[in-house]
Amino acid sequence: MTLQEKYNAFTDYFEVAMPVAESELKFSNPYELLVAVILSAQCTDKRVNMTTPLLFQRFPTPHDMAASSVEEIYTFIKSISYPNNKAKNLYGMAKTLVDDFGGVVPDNLDDLQRLPGVGRKTANVMMAVAFGQPAMPVDTHVFRVANRIGLTKNSKNVLETERVLVKHFPKKVLSKAHHWLILHGRYTCLARKPKCEQCGITAICDYFKAAQCPKKI
């Protein structure tokens, strides 16, 4: 099987098994998604979704958050991992949105990455989820799962993984493929003990083949 055939088989399987693949973060506009994604770094979506309702109630717009303080924002997110840094990032993000972008979340990678707390992965999430553009955000799940399956081969970093995935996935499914990889990694291809017995793509998975035939791989 060629690498492209592997990608085609992966896509064919998930188009049937998971035709609807979306972010599990709860949001109603790009600003809320941006806040949620910043909070989700090294934190579960479940915990973020438990935290954001009161946060959004207090700060429904970037202007409201920018008019507040790091200390007040902290009180709403202290149950989140790394709340001190994230409170600073949220305040800085809101101030930059208001001062430089009129309170509107920018819809391009370069401007998004000017916002405090927003790296390439978060910017790509915004492009894919908020603005419906083809993008491949690479987090720990995507990085791990792509390498395990063999969609990538020993990628050194997330940027290299992103480039390979973008090259081989059809543009029309690129953003959905991001969610396929995340959700597969979150619920089936677990970091410590993947549930291979529940997996529908073992036929194309390098990790599974190595586990079954270690001397041949």
Scalar couplings 3J(HN,Hα) for segment 14-30 by Karplus 6.51 cos²θ - 1.76 cosθ + 1.60 (θ = phi - 60°), nearest whole Hz, x for Gly and Pro, are 6, 4, 8, 6, 9, x, 10, 10, 9, 5, 8, 6, 9, 7, 10, 7, x
For the chain, longest principal axis from Cα atoms; helix 158-168 axis from its Cα atoms; angle between them, nearest 10 degrees, is 60 degrees
Expressed in square angstrom to the nearest 10, the accessible area of residue 31 with a 1.4 Å probe stands at 10 Å²
On each of the three principal axes the extent of the alpha-carbon atoms of the chain, given in whole Å and largest first, is 61, 31, 31
Taking Cα atoms, the helix 174-187 axis meets the longest principal axis of the chain at an angle in degrees (rounded to 10) of 80 degrees
With a Förster distance of 25 angstrom and the Cβ-Cβ distance between residue 100 and residue 26, calculated FRET efficiency to the nearest 0.05 equals 0.40
Taking Rh as the Kirkwood radius computed over alpha-carbon pairs of segment 6-101 and applying Stokes-Einstein at 10 °C with viscosity 1.306 mPa s, one gets a diffusion coefficient in µm² s⁻¹ of 109 µm²/s
Here Rg/Rh (Cα, Kirkwood) for segment 103-179 equals 0.98
Contour minus Cα-Cα span, residue 12 to residue 69, at 0.36 nm per residue, comes to 15.7 nm
Taking Cα atoms only, helix 45-58 is inclined relative to the longest principal axis of the chain by an angle, in degrees rounded to 10, of 20 degrees
One finds, for residue 163 and residue 4 with R0 = 22 angstrom and r their Cβ-Cβ distance, a FRET efficiency to the nearest 0.05 of 0.90
Using a 1.4 Å probe on heavy atoms of the protein chains only, the accessible area for residue 43 in Å², nearest 10, reads 30 Å²
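Starting from the Kirkwood Rh over alpha-carbon pairs, what translational D in µm² s⁻¹ does segment 130-217 have by Stokes-Einstein at 10 °C and 1.306 mPa s?
Translational D for this selection: 118 µm²/s.
Using a 1.4 angstrom probe on the protein heavy atoms only, line up 110, 64 by accessible area, largest first.
110, 64
The values are calculated or read from the model by the stated rules, or taken from the named source; none is laboratory data. What you see is a predicted model, and the numbers here were worked out from it, not measured in a lab. Neighbour counts are summed over all protein chains in view; Cβ atoms, including those assigned to glycine, are modelled from backbone coordinates with ideal geometry. Side chains are part of the model used for accessible areas, which takes the heavy atoms of the whole protein and leaves out ligands, DNA and RNA. Shrake-Rupley method; radii C 1.70, N 1.55, O 1.52, S 1.80 Å.
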